[in-house]
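Okay, so here's the structure we're looking at.
Just so it is clear, none of the values below were taken in a lab; they were calculated from the coordinates. Nothing here was measured: the structure is a model prediction, and the numbers come from that model. Positions of Cβ are backbone-derived with ideal geometry, glycine not excepted, and every protein chain shown enters the neighbour counts.
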Amino acid sequence: MKFSVEEFRDWENKKITLLGMSGVGKSYLASKLRRDHWFHYSGDYRIGTRYIDEHILDMIKSEAMKVPFLKELLRTDWIYVHNNIRVNDLGPVLSFVGKLGNPELGGVGLKDFIRRQAIYRQAEIDAMLEVPAFIHKAQAVYNYSHFVNDVGGSVCDLDQAGVIESLVECTMILYIKVTNQEQENILIERAQSSPKPMYYRPEFLREQLEIYLPQKGIEYAAQIDPDEFARWIFPRLFHSRIPRYEAIVKPHGYTVTSEEVAQVNNEEDFLQLLELAIERNN
């Protein structure tokens with residue numbers, strides 16, 4: 001959706017999709033808005049609780065069955081496994097995605113990693129296509145006036161017709177951009193200090209493995225140190241996504257900076273920032 005400032009002010013039920021790399025402030029903004037009674041739709045929370053919950057449980061049970069004591073308890077239904085996924089703690093989702101590399105170092109083998117990546121991709125597609133239904137639910141069932149869609153950083157890599165078009169049709173797209181080298185370095189260093197599982201486009205992953213394996217003198221993906229590979233690939237992932245975000249926002253949305261987002265403390269600040277973004281675009 002595109003607006004003039006006046007049209008935006010007159011937009012009674014505001015619906016915003018936050019776009020940008022992990023760490024730029026999307027969840028920070030959503031948490032601030034939640035306190036001001038905005039409905040917070042977390043894409044990753046929906047993925048974990050609706051679309052890959054059973055996959056996560058199967059993964060956990062498979063590991064538990066390797067322990068004779070737990071195996072007997074599970075087989076006799078004396079215990080059960082339950083996910084405790086929270087909006088601000090998506091650990092089970094990350095555990096399912098996993099990090100590519102040596103299983104003995106906590107990694108996931110290449111074949112299983114690719115399988116999990118495909119499952120996650122489809123789950124994110126399905127979760128994004130549900131946004132219009134949740135906008136209706138937020139208003140009709142929960143009586144929220146405004147809606148914020150906190151999407152995963154990988155939404156630009158889904159390459160699925162209809163996903164971005166659906167979000168553009170029902171929400172205002174707001175891209176949070178890292179605009180200077182210092183902020184970029186901070187984001188990359190933060191990600192590398194505590195490497196997390198990520199989604200990679202299949203073509204991107206294949207290209208990066210073709211560089212990484214010979215560079216490190218490694219023959220197979222099973223020899224990869226999972227954390228080392230995650231640290232190595234993150235800056236490349238970061239830079240590969242920037243033009244993909246910009247290809248979405250240029251025709252369809254608005255851009256603010258991560259520094260501007262860090263100054264937002266409440267709904268009033270957020271709305272002023274959106275009006276500034278509209279003015280700059282127009």
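Just a few scattered comments:
- Longest segment of the chain lacking GluC sites (Glu not before Pro) that sit in a DSSP loop with at most 13 other Cβ atoms within 10 Å: 13-218
- Here the Karplus curve 6.51 cos²θ - 1.76 cosθ + 1.60, taken at θ = phi - 60°, turns the phi angles of the stretch 101-110 into couplings of x, 4, x, 5, 9, x, x, 10, x, 4 Hz, with x standing for Gly and Pro.
- Ranked Tyr199, Tyr142, criterion: other C-beta atoms within 10 Å, fewest first: Tyr142, Tyr199
- Paramagnetic reach from Glu189 in the stretch 247-279 [backbone N under 18 Å; point 7 Å along Cα→Cβ]: 258-259
- DSSP beta bridges fully contained in the stretch 5-281 are about 5 percent antiparallel.
- FRET efficiency, 1/(1 + (r/R0)^6) with R0 25 Å, evaluated for His37 and Val81 via beta carbons: 0.10
- Remark: spin-label model distance Glu165-Gln223 equals 4.6 nm, labels positioned 7 Å along the Cα→Cβ axis.
- Surface/4 of the Cα convex hull for the stretch 132-282, nm²: 11.5
- The trypsin sites (Lys or Arg not before Pro) of the stretch 1-71 that DSSP puts in a loop, and whose beta carbon has at most 10 other beta carbons within 10 Å, are Lys66.
- Under-5 Å amide H pairs with His146, H placed in peptide plane, nonlocal only: Phe39
- Take the Cα of Asn282, step 7 Å toward its Cβ, do the same at Met65, and the gap between the two points is 6.0 nm.
- Projected area, mean over directions - the chain, Cα convex hull, nm²: 16.5
- When Met65, Met59, Met128 are arranged by Cβ crowding within 10 Å, least crowded first, meaning fewest neighbours, the order is Met65, Met59, Met128.
- Two-decimal Rg to Rh for the stretch 29-173 - Kirkwood Rh, Cα set: 1.04
- Angle in degrees between helix 131-140 and the longest Cα principal axis of the chain, rounded to the nearest 10: 60
- Over 20 Å (Cα to Cα) - which of Lys26/Lys196; Lys99/Lys216; Lys71/Lys99; Lys2/Lys250; Lys66/Lys196 fall in this group: Lys71/Lys99; Lys66/Lys196
- Over the stretch 5-281, Cα pairs under 8 Å with separation of 6+ residues give a relative contact order of 32 percent.
- By the beta-carbon count within 10 Å of each Cβ, the least crowded to most crowded order of Ser154, Ser31, fewest first, is Ser31, Ser154.
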